[in-house]
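Contents: one structure, followed by commentary.
The values are calculated or read from the model by the stated rules, or taken from the named source; none is laboratory data. If you're wondering where the values come from, they're calculated on a predicted model, not measured in any experiment. Note: ideal-geometry Cβ built from the backbone for every residue, glycine included; neighbour counts use all protein chains shown.
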Amino acid sequence: MQSGESASASTIPDIEQLMKQYQQADPAAAAALVELLSPQLYRFFACQMGSRTHAEDMLQDVWLRIHRVRHTYRPGEPLLPWVYAIARCVRVDSYRKRQRILSHETAADVLPERPAPKEKTGTFLPFEELVASLPESQREVLTMLKVNGLSIEEVARATSTTVGGVKQKAHRAYERLRKLLDQAPIPQGARQGVAQ
Amino acid sequence: MTCRQMDNMISSRSGNSPLPPEAAEHVAGCQRCNTLVRLLDENIETPSPSHEQLKRIQAAVIEDISPVRPLPPARIFLVAFALIFLSVVIVGSIRLGVNGWEVLRMEQKIAIFATLVASAVVLALSMVRQMVPGSKHAVSPTILPIVILVALLLVIVAVFRSEQESAFVMNGVMCMRNGLVYSIPTALLFWMLLRRGAILFPKLVGAAAGGFAGLIGLSVLEINCPNLNEYHVLVWHWGVILISSLAGVALGAVAEYIDRRKNHWIS
């Protein structure tokens, strides 16, 4: 599930150190952080919102937000939970903004809880479609754990909840996915053995 | 191994690293877990941001770059909160008197003030952690102010008894005014301390700061007010915390609105 780009803190070199240098106005450190973290942030947004256009907008928003609140990062603390807490905030704001715009445009009384169905770009695989059908909080936890490769502890920090809360949401998400997988067509080869 | 245990294993497993033997055994015998693990193991090629976009972001960040001073350590804020709490309660007790303290029975003093102090400590920790996104929280900051309000409500109901009171409203308004006189300026003081870190969730930080200031107002009232009527304490003393918390949320909402207008620079 996890690609090389979406690695956790342990595999990204010195991101905490880069952040410290960024706070001290080192342009090279800032550029390196953008380069290192953007792919996984983009993936986080794409998986959550199901749209490349929105993911691009939110990626830009999140970096400008990070830039504005960079003083709130305490050197020595893990960086990824800090970044993802900000990313969550951007996602929620963006979602609310979209809801407001949609309500003005369509005058609909009730808007769907989940993001709109995915664009038929051919880039989204069944996993994204299955995840899109999960409730927002479960989708968020699952995305952070399995798409972005964060640890349970990091997800708990990023979502301002407890480790137990994250485990509970992940469990519910897996249960729901199992049910959906029972009904949905399975990707080729999925019913074969698992790499051991 | 059960499917539930398998879930925890899936969550803590990084990438598609090999399954532990007992998990592999379970997956071999459980079709549903097998399918789920297969799905999660697939290395999905999600689209990546374009090179041009990354360059644009880098340019925007670098163009506006300047050194920033990180927030001071949490202990500095905690000491500041403790000093403000003690100072305001002492000043309030000196100015208004300690009649309430004198009439409270020992068990009432212990129940009320232990709850107040515990609530203040927990709220202070929560406020300080909320200033840094991605901090560890023992209780969700969203529900903490509600938990504290309910806990205090229950303690008040448990330790006070209803009594006959002739001037319920007149006495009460005076008490509430006394409480708010100490809590509102304190809330503003907290806001000044917290504002650098209250950028992401100003309403939550506002609720916590308001609640904390309300605890100070309630402490002053419990030391000062000799009225032990349960309803008086519930409505006019506990109400101070409720009003302060709501005022904090309102202040946070205003700050959020101003911040959004001011920083509408995202192209």
I need a count of the residues in region A:160-178 that are surrounded by fewer than 23 Cβ atoms within 10 Å (Cβ to Cβ) and assigned to a loop (DSSP other than H, G, I, E, B).
2
Taking the condition modelled with pLDDT under 95 and either surrounded by 18 or more Cβ atoms within 10 Å (Cβ to Cβ) or of a type in the set (S, T, N, Q) (or both), does A:ALA25 pass?
no
Tell me which of these A:GLU128 doesn't satisfy, since it passes every other one: (1) part of a helix (DSSP H, G or I); (2) surrounded by 17 or more Cβ atoms within 10 Å (Cβ to Cβ); (3) modelled with pLDDT of 80 or more.
(3)
Residue among A:HIS104, A:HIS54 that alone is within 21 Å of B:ARG260 (Cβ to Cβ), under 15 Å from the mean Cα position of the chain (by Cα), more than 10 Å from chain B (Cβ to nearest Cβ) and at pLDDT below 85
A:HIS54
What residue, of B:ALA213, B:ALA209, B:ALA198, is surrounded by 24 or more Cβ atoms within 10 Å (Cβ to Cβ), part of a loop (DSSP other than H, G, I, E, B) and among the hydrophobic types (A, V, I, L, M, F, W, C)?
B:ALA198
Can you tell me which residue within region B:36-70, out of those that are of a type in the set (A, V, I, L, M) and at pLDDT 90 or above, is surrounded by the fewest Cβ atoms within 10 Å (Cβ to Cβ)?
B:ALA59
Restricted to region B:107-153 and to residues being hydrophobic (A, V, I, L, M, F, W, C), surrounded by fewer than 16 Cβ atoms within 10 Å (Cβ to Cβ) and in contact (Cβ under 8 Å) with a residue 60 or more places away in the chain, the residue nearest to B:GLY210 (Cα to Cα) is B:LEU153
Can you tell me which residues in region A:17-49 are closer than 17 Å to A:THR72 by Cα, of a type in the set (S, T, N, Q) and within 9 Å of chain B (Cβ to nearest Cβ)?
A:GLN23, A:GLN24
Just give me the residues in region B:216-237 being assigned to a helix (DSSP H, G or I) and hydrophobic (A, V, I, L, M, F, W, C), in sequence order.
B:ILE216, B:LEU218, B:VAL220, B:LEU221, B:ILE223, B:VAL233, B:LEU234, B:VAL235, B:TRP236
Residues in region B:133-171 that are away from every other protein chain (no Cβ under 14 Å) and not in a helix (DSSP H, G or I): how many?
8
Qualifying residue in region B:97-106 (condition: surrounded by 14 or more Cβ atoms within 10 Å (Cβ to Cβ), without any contact (Cβ under 8 Å) to a residue 60 or more places away in the chain and outside any loop (DSSP other than H, G, I, E, B)):
no
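For (1) out of contact with any Pro (no Cβ under 7 Å at 6 or more places or on another chain); (2) basic (Lys, Arg), each residue gets a yes or a no:
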position: B:CYS3; (1), (2): yes, no
position: B:MET6; (1), (2): yes, no
position: B:SER17; (1), (2): yes, no
position: B:PRO20; (1), (2): yes, no
position: B:ALA23; (1), (2): yes, no
position: B:ILE65; (1), (2): no, no
position: B:LEU86; (1), (2): yes, no
position: B:ILE90; (1), (2): yes, no
position: B:ARG95; (1), (2): yes, yes
